[in-house]
Amino acid sequence: MGSNPLEKEKKKKLKFSDVWDEAKEIIWRHRSRIAIGLVLMLVSRLAGMVLPGSSKFLIDNVIGEGRADLLPRLALFAGIAAVVQAITT
């Protein structure tokens with residue numbers, strides 16, 4: 001049985017500084033895509049906070065104060081936030 005030629009080669013020991021330099025190079029090369037991804041994540045998280053806030057607004061202002069005129073606007077904002085969150089996700 002022949003042995004695998006890859007097994008004969010000694011594994012090269014990785015240095016942290018070499019790995020870190022390569023990671024920085026990859027991040028720098030793809031910085032625009034990374035920035036777009038971070039912005040989309042931030043928008044998605046902020047849109048996700050609208051729904052819990054709208055339920056508090058619904059209970060306090062619409063139901064508590066009997067202001068049914070605010071209900072369509074509240075539903076519109078919640079719907080827009082859900083669509084934005086779905087698109088950015």
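Tabulated data for the structure shown
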item: Test item: Cα-centred dipole of the chain, Lys/Arg +1 and Asp/Glu -1 on Cβ, debye; result: 520 debye
item: Residue-normalised accessible area of the chain, given per residue in Å² at a 1.4 Å probe; result: 90 Å²
item: Relative contact order of the chain, pairs being alpha-carbon contacts under 8 Å that are 6 or more residues apart, as %; result: 35 percent
item: Length released on extending from Leu40 to Leu76, taking residue separation times 0.36 nm less the Cα-Cα span; result: 10.8 nm
item: Taking the C-alpha atoms of the range 40-89, convex hull volume expressed per residue in Å³; result: 47 Å³
item: Tally of Lys pairs whose C-alpha atoms are under 26 Å apart, taken over the chain, 8 or more apart or cross-chain; result: 4
item: Probe 1.4 Å, all protein chains present, accessible-area order of Leu42, Leu74, Leu51, Leu14, largest first; result: Leu14, Leu42, Leu51, Leu74
item: Protein accessible area in the chain, 1.4 Å probe - carbon and sulfur %; result: 67 percent
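The values are calculated or read from the model by the stated rules, or taken from the named source; none is laboratory data. Computed from a predicted structure; not experimentally measured. For neighbour counting, all protein chains shown are included, and Cβ atoms are generated from backbone atoms with ideal geometry for every residue, glycine included. Each accessible area value is taken on the protein alone, full model and side chains, heavy atoms only, with ligands, DNA and RNA left out. Shrake-Rupley method; radii C 1.70, N 1.55, O 1.52, S 1.80 Å.
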